[in-house]
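The values are calculated or read from the model by the stated rules, or taken from the named source; none is laboratory data. Since the model is a prediction, treat every value here as computed from it, not as a measurement. Note: ideal-geometry Cβ built from the backbone for every residue, glycine included; neighbour counts use all protein chains shown. We work out accessible area using only protein heavy atoms, side chains counted, and drop any ligands, DNA or RNA first. Shrake-Rupley method; radii C 1.70, N 1.55, O 1.52, S 1.80 Å.
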Amino acid sequence: FDMDLRVKLSLWIVGLTFMAAGTITAQENYKVVINTSEEPIAPGKYKPTWQSLSDYQCPEWFRNAKFGIWAHWGPQCEPEYGDWFARNMYIQGNDQYKYSLETRGPQSQFGFKDWIHEWKAEKWNPDSLVKFYKENGAKYFMALANHHDNFDLYDSKYQEWNSVAIGPKKDIIKGWSSACHKYGLPFGVSVHASHAWVWYETSRGCDKSGAFKGVRYDGWLTKSDGKGKWWEGLDPQELYAQNHPLSKNNREWDWKEGEVVLPDQAYCDKFYNRTIDLINKYDPSLVYFDDTVLPLYPFCNAGLDIAAHFYNKSMREHKGKNEAVIFGKILNDDQKKAIVWDVERGAPDRIQPRPWQTCTCIGSWHYDKRIYYGGRYKSARQVILMLADVVSKNGNLLLSIPIKGDGTIDSTEHHIVSEIGAWLKVNGESIYGTRPWKIYGEGPSTDASNPIKAQGFNEGRVRYTSKDIRYVQKSGHTLYATFMSFPDYGEKVTLKSIAKAKHVELLGYGPLKFQNTPEGLQVKLPQSFPNEIALVLKINR
């Protein structure tokens, strides 16, 4: 007995030591611990702890790629009326509420489930779109796997509300993934469904005034209400996920207890199982989470479990090398060691020590015909300037091109992507495979503070002049300098940060005359420019 007690005491002391060192995650701190019996975590080097994941090294293929395109496309694009339609259509007074009411009738009778039923994606051709994106400079491709609307865009084992069973009756993720495989583009999936629990709470509301005052919206419906309806046999609660008390603040994003009602075990397990099934079935190289840090974090361990599985799977399939990329938002320095930081619609204002990514869109995240008719897309020039700025700070740019409900892009989008591609064909060497220089740039914009708000949202705040330049390098001897605004034809420009050069050329034009001066490198620009988007100097030192 004494020996047994001594052994137990020793093990207890060792356990405390390991926990103090951070090598063991105390799962009892999670309010919900995932049941992984249906979808086990792949065995391997990585465990579902921050310490285990912290030796992650971002793969070189991603660091070299720099530019990706995103198809942020699903049933919320069917109305063609902008982002967060499935939530906002239940908020009386909102434009999307008015549009749904006026075109389809009251939300008690026609809810988002019915918009899904109308979505057919009848003109979708993933092969043609992926080919077009690759031809115009994309080095990886991301597809929406589900949004906060909780609808899976693939043959989902765990979500009956999916695109194979309902709506288009097509496996959207398989279509995208097959096209990427055909054209040799790394394929990624974006997963947003963890927040449906709170995000959809508006579907349980009712009009506060007017003809339908007090009539409950369809977020209350259950399977038994479907008799004789098109959705007979389906449970709306599997989509809306509203079998729980209402939260105090259903716009809260960080799972603050007291502000939101935390998801239960069944919801968390289902999210985990759906995501592991997605990864196993479609074999993505990248997984984007639209979450603070990771999904359901910190009250549930689902995100860390998924990360460990994804990394171990990648190592098994790449001879012991982890080629996978996971994105999360609002990360601290330790978390940035484990996954790649994503910044939404913005960028940090200095070089980052680790690779990161900006995600942005030329319009609304979900297709909005008002932006098309109003001519309010980002221009190719705006995209390229953002790309140059992001790459100078050790980042990649993921650009969403909104897709119409029928699966096509409009003529303006086609033109913008073509313009981006034309610029990259000539100037792409200043983007692909580059690394940050000792400074990211010079000029007034580098002196201005432009802090990130929450997960990003600082794009478009900086106004560039012809003195603003962004730098990147290759192999230490070649620099690229991108002008963020156009100098005058024939102007002598001085790059103050460069002391000496051996050769200078303007990409798309040819060699230029230059002088090494005490004030910096002085370059004589030509009387005509090779493009109307951005000039790039290639400088050999």
Query raised in the report: Is there a residue being among the polar types (S, T, N, Q), touching a helix residue (DSSP H, G or I) at 6+ places or on another chain (Cβ under 6 Å) and open to solvent by less than 10 Å² (accessible area, probe 1.4 Å) anywhere in segment 305-320?
Result: no
**Report entry** Output for segment 111-130, where each listed residue is open to solvent by 30 Å² or more (accessible area, probe 1.4 Å) and either closer than 24 Å to residue 225 by Cβ or without any contact (Cβ under 8 Å) to a residue 60 or more places away in the chain (or both)
**Finding:** 117, 118, 127, 128
Query raised in the report: Which numbered condition trips up residue 135, out of (1) under 26 Å from residue 269 (Cβ atoms); (2) open to solvent by 30 Å² or more (accessible area, probe 1.4 Å)?
Result: (1)
Query raised in the report: Quick one: residue 176 ticks every box in (1) more than 20 Å from residue 244 (Cα to Cα); (2) surrounded by fewer than 24 Cβ atoms within 10 Å (Cβ to Cβ) bar one, so which box is it?
Result: (2)
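May I ask you to list the residues in segment 84-93 that are more than 21 Å from residue 290 (Cβ to Cβ) and either surrounded by fewer than 18 Cβ atoms within 10 Å (Cβ to Cβ) or of a type in the set (Val, Ile, Thr) (or both)? Quick ask: steps written out before the conclusion?
If we filter segment 84-93 for residues that are more than 21 Å from residue 290 (Cβ to Cβ), which is where we start, we get 92-93.
Across segment 84-93, the qualifying residue is only 93.
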Query raised in the report: Just one of 490, 508 is open to solvent by less than 30 Å² (accessible area, probe 1.4 Å) and on the phi > 0 side of the Ramachandran plot; which is it?
Result: 490
Report task. Quick one: in segment 331-347, of everything that is basic (Lys, Arg) and outside any loop (DSSP other than H, G, I, E, B), which residue is farthest from the chain's Cα centre (by Cα)? Result -> 337
**Report entry** Criterion violated by residue 298 - all others in (1) under 21 Å from residue 246 (Cβ atoms); (2) open to solvent by 20 Å² or more (accessible area, probe 1.4 Å) satisfied
**Finding:** (1)
Query raised in the report: For segment 238-265, what are the residues that are acidic (Asp, Glu) and touching a residue at least 40 places away in the same chain (Cβ under 8 Å)?
Result: 238, 252, 257, 264
Report task. Please note which helices (runs of 4 or more DSSP H) are completely contained in segment 366-466 and include at least 2 residues that are free of Cβ contacts under 8 Å to residues at least 24 places away in the same chain and open to solvent by less than 40 Å² (accessible area, probe 1.4 Å). Result -> none
Requested in this report: Go through segment 239-272 and give me each residue that's modelled with pLDDT of 95 or more, acidic (Asp, Glu), open to solvent by 30 Å² or more (accessible area, probe 1.4 Å) and within 25 Å of residue 307 (Cα to Cα).
Outcome: 264
Report task. With a cut-off of at least 3 residues that are closer than 29 Å to residue 223 by Cα and aromatic (Phe, Trp, Tyr), name the helices (runs of 4 or more DSSP H) lying wholly within segment 233-323. Result -> 265-282
Query - Residue among 85, 67, 18, 62 that alone is aromatic (Phe, Trp, Tyr) and modelled with pLDDT under 95 - result: 18
